[in-house]
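Heads up: the structure comes next, in structure tokens.
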Amino acid sequence: MHPTDRGVDVTTLVREMAEAARAASHVMAHSTTAQKNCALRSIASHIRESIDAILDSNKVDLQKASDLDRSQTERLELNETRVEAMAAGILEVESLADPVGSITDLNYRPSGIQVGRMRVPLGVVGIIYESRPNVTADTAALCLKSGNAAILRGGSEALLSSRAILACVTAGLNAAGLPSDAIQMVNITDRMAVGAMLSLDGLIDVIVPRGGKGLIERVSAEARVPVIKHLDGVCHVFLDDYADVDKAHRIAFNAKTQRYGTCNTMETLLATPDTASKVFPTLLDDYHKAGVELRGCPKTCSYNPHVTPSTEADWYEEFLAPVLAIRIVENIDNAITHIRKYGSQHTDAIVTENLEHARRFVAEVDSSSVMVNASTRFADGFEYGLGAEIGISTGKFHARGPVGLEGLTSQKWIVLGDGQIRE
């Protein structure tokens, strides 16, 4: 809907949506698990039934967005497999335990009172995202199951795709007798809508930006609302002296080439001289055959004629493309030092059969996900058993790593007494 359709400006329109979401959030906070699960099952069913309409809308979006680069197009494009994955992810969320109302740490105090903590929804969640129509389904499912209302502001390049998916969400809410205002989408492309959302302290409880660095920097700078975010995904794989050669090859290749445009894709490969001598002769050739541009330190360049010299800037870069920075480091100490200097505290992995080195890496690398003998591509809400994720947080407050149901709730203290008074 264009703001002129209702005779109001963008700021007023977004505020009205937030007020409606706030009212809906009170209903959602007290909705039953059965109601929420009914809505989720219905949404998944509608998505499967509407696959042709969703893919047709996506084709139009792709045609209009012909100027996008390869990584943006890859995130925007839908196919039958990805649409089915949306539906499966929603059903995965439906199968998870409802966190709302759960009480933990209930203990008696000397006074006789019992003190514990109860999980409660955050309230109204604002999600601002680019080029990723699947986010519409993922965030709707997570916000719904966690008892929150949500306002979605997707990228203009994915507008028709997101509308088609939101229609399924609305149908699911209606089927369960839940308010349709619980999940709304800012149905305009005016960038003023983002600024309006960021200013609505008191109506929107938290903002989650999902997109490029420019979007996240803007949200972080302008928001008057708390933000769950990560700025960069400069992810590393370190091939230790004690790495199994086959595991090293498979993990390093998968971490880069399984998908290029995701924040958990490896951007820098580190290896010790001994492991590089065993793995690089075939691995670098395989990268080249897969169309990956290789930028390496002088020692790496000596292994393959297709490696171009790296620059200092390459170590900081989140390429989101078939480009890989490669560095040979002397040992695990140098690898950890490199990651501390250039990493973004997103996801980092070590390949090693040495238990002591694995423990050191896990303890000393301060990232939201740290892995041993596994691809960085596993840093994902669905893979972690969260059903889906609303985003990945590299901050240290409230939520860290993939943010699922629990990350969309808070805790309040509850006290149970039997007439006690404080002396």
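Just so it is clear, none of the values below were taken in a lab; they were calculated from the coordinates. Everything numeric in this text was worked out from a predicted model, so none of it was measured. For neighbour counting, all protein chains shown are included, and Cβ atoms are generated from backbone atoms with ideal geometry for every residue, glycine included.
Some points to look at:
- Computed on the Cα atoms alone, the convex hull of segment 226-273 gives a volume of 91 cubic angstrom per residue.
- The chain, relative contact order [Cα under 8 Å, separation at least 6], %: 19
- What the Kirkwood sum gives for the chain is a hydrodynamic radius of 23.0 Å, with every pair of different alpha carbons counted.
- The spread of Cα positions in segment 235-378, taken along each principal axis and listed from longest to shortest, comes to 36, 29, 26 Å.
- Angstrom value of the Kirkwood radius, inverse mean 1/r, which spans all Cα pairs in segment 127-185: 11.2
- Stretched out straight at 0.36 nm per residue, the stretch from A175 to E356 would grow longer than its current Cα-Cα span by 59.8 nm.
- Net charge of Cβ neighbours under 11 Å - reference L198; Lys, Arg +1; Asp, Glu -1: +1
- ³J(HN,Hα), Karplus 6.51/-1.76/1.60, whole Hz, each residue of segment 332-345, x for Gly, Pro: 5, 4, 5, 5, 5, 4, 4, 5, 4, 6, 9, x, 10, 6
- Sequence-separation-based contact order of segment 235-378, relative, with Cα cut under 8 Å and 6+ spacing, percent: 34
- Going from the fewest other Cβ atoms within 10 Å to the most, the residues L142, L91, L166 appear in the order L91, L166, L142.
- Beta bridges from DSSP with both residues in the chain: antiparallel share about 25 percent, rounded to the nearest 5.
- Between K396 and E217, full extension at 0.36 nm per residue minus the direct alpha carbon distance yields a gain of 62.7 nm.
- Its alpha carbons considered, segment 212-309 gives a radius of gyration followed by a Dmax of 16.6, 52 Å.
- Proximity of backbone amide H atoms, modeled 1.01 Å from N, is registered between E353 and Y242, A243, D244 at under 5 Å, excluding neighbours fewer than 5 places apart on the same chain.
- The amide H of E389, built 1.01 Å from its N in the peptide plane, has G381, F382 as neighbours under 5 Å, considering only residues 5 or more places off or on other chains.
- Residues whose amide H lies under 5 Å from that of A150, counting only those 5 or more places away or on a different chain, are V125, I183, Q184; hydrogens are built 1.01 Å from N in the peptide plane.
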